[in-house]
1. Please verify whether residue 146 is at pLDDT 90 or above, surrounded by 14 or more Cβ atoms within 10 Å (Cβ to Cβ) and outside any strand (DSSP E or B), treating the condition exactly as stated.
2. Can you tell me which of 219, 175 is within 28 Å of residue 99 (Cα to Cα), buried (at least 21 other Cβ atoms within 10 Å of the Cβ) and in contact (Cβ under 8 Å) with a residue 12 or more places away in the chain?
3. If a residue must be surrounded by fewer than 24 Cβ atoms within 10 Å (Cβ to Cβ) and closer than 28 Å to residue 313 by Cβ, how many such residues does region 158-167 contain?
4. Which one is modelled with the highest pLDDT, of the residues in region 192-219 that are within 12 Å of residue 240 (Cα to Cα) and in a loop (DSSP other than H, G, I, E, B)?
5. If we scan region 63-82, do we find a residue that is part of a helix (DSSP H, G or I), in contact with a helix residue (DSSP H, G or I) (Cβ under 7 Å, 6 or more places away or on another chain) and either exposed (fewer than 15 other Cβ atoms within 10 Å of the Cβ) or without any contact (Cβ under 8 Å) to a residue 12 or more places away in the chain (or both)?
6. Output the residues belonging to region 169-185 that are more than 19 Å from residue 220 (Cβ to Cβ) and either in a helix (DSSP H, G or I) or modelled with pLDDT under 85 (or both).
7. Name, by its number, the condition in (1) under 30 Å from residue 50 (Cβ atoms); (2) surrounded by fewer than 19 Cβ atoms within 10 Å (Cβ to Cβ); (3) touching a helix residue (DSSP H, G or I) at 6+ places or on another chain (Cβ under 8 Å); (4) touching a residue at least 12 places away in the same chain (Cβ under 8 Å) that does not hold for residue 267.
């Protein structure tokens, strides 16, 4: 009876069930929307330092109250780093990761103040990065700016507005339509375009065909039908379906990550990493190479700043055929033999094999 009740509770909290529940739609959703508008209004009059203090406190509340997310973060760190960090160090990194995630949520409200030329007021650039941005400003073709759930991915899209270019981004709509509309308005306030995740490839194609820029944040679990590429030495389901478009439209491909200077509203860039697609290579092999390069860029920066990567997501949830679940018995140390049983990469999507 207990197990059945738990299952019903989990089913109730699925997004589709929440949307179809009349009580939730007409009472809970409006209350959340009002709170969202109040938060937006409050942040608009507060200095960024105070907003970040609030964000760090909210992060601590999430860390303490969400045992499931806490365990996922700790398991991910164990998969990624093994014994490189002690259990105490992993908990500290995971806790700070949750805080940084909350800060990025608040960046949505803060960053529209700094689009365009003001972007440089909060971003420190090296001389080499300044030169790269200058060349990008003069570049008239299509470009793809790859980033990840690392540091402030919202700030990374501001790089395009600094270069006087629009950027097309893909996002998963929020469950509350009114809140989703507000967030979308904030993300597109400097002229950017936003496409829903469903049917995103068509939006990508239209943008590249017009020599526009794409903003890609595709470093989460992509499902069992995607490619499996190495991430911290373990196969991770990685979306590669959009990489053939780069070959078709002769797209410049960059990776850039906006890293916070501690818990301050100041940032520096890791990157711009650049890779040149090989138009003469096999389409499948080249897409896998580009996907692995993307994972490697994220891994390199995440190793340098592990506290700023989003470890709360089950990055290794989908597994190649006949390989063990990495989140089994999540409250216990992972079996090292389980990690050793992982197959070699790359593994192309089944539809490409």
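The values are calculated or read from the model by the stated rules, or taken from the named source; none is laboratory data. Because the structure is predicted, anything quoted here is derived from the model rather than measured. Note that each Cβ is placed from the backbone with ideal geometry, even for glycine, and that neighbours are counted across all protein chains shown.
1. Here the answer is no, as residue 146 does not meet what is asked.
2. 219
3. Here the count works out to 1.
4. Ranking the qualifying residues of region 192-219, first place goes to 219.
5. No: region 63-82 contains no residue that is part of a helix (DSSP H, G or I), in contact with a helix residue (DSSP H, G or I) (Cβ under 7 Å, 6 or more places away or on another chain) and either exposed (fewer than 15 other Cβ atoms within 10 Å of the Cβ) or without any contact (Cβ under 8 Å) to a residue 12 or more places away in the chain (or both).
6. Residues satisfying the conditions are 177, 178, 179, 181, 182, 184, 185.
7. (2)
For every residue, the table says whether it meets (1) surrounded by fewer than 13 Cβ atoms within 10 Å (Cβ to Cβ); (2) farther than 23 Å from residue 139 by Cβ; (3) free of Cβ contacts under 8 Å to residues at least 40 places away in the same chain.
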residue	(1), (2), (3)
234	no, yes, no
238	no, yes, no
241	no, yes, no
246	no, no, no
255	no, no, no
262	yes, yes, yes
283	no, yes, yes
